[in-house]
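One structure below.
The values are calculated or read from the model by the stated rules, or taken from the named source; none is laboratory data. These numbers were taken from a predicted model, which means no experiment stands behind them. Here the Cβ is made from the backbone with ideal geometry for all residues, glycine too, and neighbour counts use every protein chain on show. For the accessible areas, the whole protein counts, side chains as well, though only heavy atoms, and no ligand, DNA or RNA atoms are used. Shrake-Rupley method; radii C 1.70, N 1.55, O 1.52, S 1.80 Å.
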Amino acid sequence: MHDLSFPRSASASDANRPIRSNLLTGFVRYLRHRRDDLWGRHDRIQTMNAWIVERICPSSRRPVPSNAARAAPHPSWTEVVAGRGLTADSLRRRYEAEATPARAFLVAALLSGSIHAHRLWRGDWSGACASLGAFLILLSLALPLACRCWQIRARALESPRVFLRHPSRWWPASLPDDYQP
């Protein structure tokens, strides 16, 4: 029997070597430039935001932050509630309207996460990736709703970062009967 496969030439593998090394060198250079962002230095975020604004907006349309806007204190919860004319009943209705889908999405995300763990245990990598994707999508649908519910329940205008660092706050428990904003 004759071998019908094409012989591999040494020049073909040598020709791909510079491309691979250039790609690897470029990737390593990218990681070095972004290592502070990857490892969590928060002062670099300001620089990246300024760079993004510079790239997106032409110099004539760049937003110019005023000193008064930077120096102005953030409004408190009571100021926002009073300014928008919200009452305890309207906040309770909004809370209940957002708490129900948040609970449903969180339960579905937990179910999808358990399916992901089971598929990983069974060695079904494609199924594990699919259920991981479903878990992340359901979690991304649940967390904004749960964050708004938490802000109403806690009577605070904290950033979403504070909310995300405490997973025990994610479940929107029911409001007390004597809730006042």
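Taking the listed residues Trp150, Trp170, the one that is within 18 Å of Val81 (Cα to Cα) and hydrophobic (A, V, I, L, M, F, W, C) is Trp150, with no other qualifying.
Does Trp150 fit the bill of being of a type outside the set (Lys, Arg), surrounded by 14 or more Cβ atoms within 10 Å (Cβ to Cβ) and touching a residue at least 60 places away in the same chain (Cβ under 8 Å)? For Trp150, the condition - of a type outside the set (Lys, Arg), surrounded by 14 or more Cβ atoms within 10 Å (Cβ to Cβ) and touching a residue at least 60 places away in the same chain (Cβ under 8 Å) - is not met. Being open to solvent by less than 80 Å² (accessible area, probe 1.4 Å), under 20 Å from the mean Cα position of the chain (by Cα), basic (Lys, Arg) and modelled with pLDDT under 80: is that true of Arg44 here? Here the answer is yes, as Arg44 does meet what is asked. Residues in the stretch 153-181 that are of a type in the set (S, T, N, Q) and touching a residue at least 24 places away in the same chain (Cβ under 8 Å): Ser174, Gln180.
Just to be sure, is Val64 surrounded by 12 or more Cβ atoms within 10 Å (Cβ to Cβ), over 24 Å from the mean Cα position of the chain (by Cα) and at pLDDT below 90? Even if it seems obvious, please write down each step before you answer.
Numbers: surrounded by 12 or more Cβ atoms within 10 Å (Cβ to Cβ): no; over 24 Å from the mean Cα position of the chain (by Cα): yes; at pLDDT below 90: yes.
No, not satisfied.
Answer with yes or no whether Arg161 is farther than 26 Å from Trp77 by Cα, exposed (fewer than 14 other Cβ atoms within 10 Å of the Cβ) and of a type in the set (D, E, K, R). First the steps, then the outcome.
On the way: farther than 26 Å from Trp77 by Cα: no; exposed (fewer than 14 other Cβ atoms within 10 Å of the Cβ): yes; of a type in the set (D, E, K, R): yes.
No: the conditions fail for Arg161.
Sub-7 Å Cβ pairs linking a first residue in the stretch 121-147 that is free of Cβ contacts under 8 Å to residues at least 12 places away in the same chain to a second residue that is surrounded by 13 or more Cβ atoms within 10 Å (Cβ to Cβ) and among the hydrophobic types (A, V, I, L, M, F, W, C), at least 6 apart or interchain, number zero.
Among the residues of the stretch 75-127, those identified as open to solvent by 40 Å² or more (accessible area, probe 1.4 Å), within 26 Å of the chain's Cα centre (by Cα) and of a type in the set (S, T, N, Q) are Ser76, Thr100, Ser114, Ser126.
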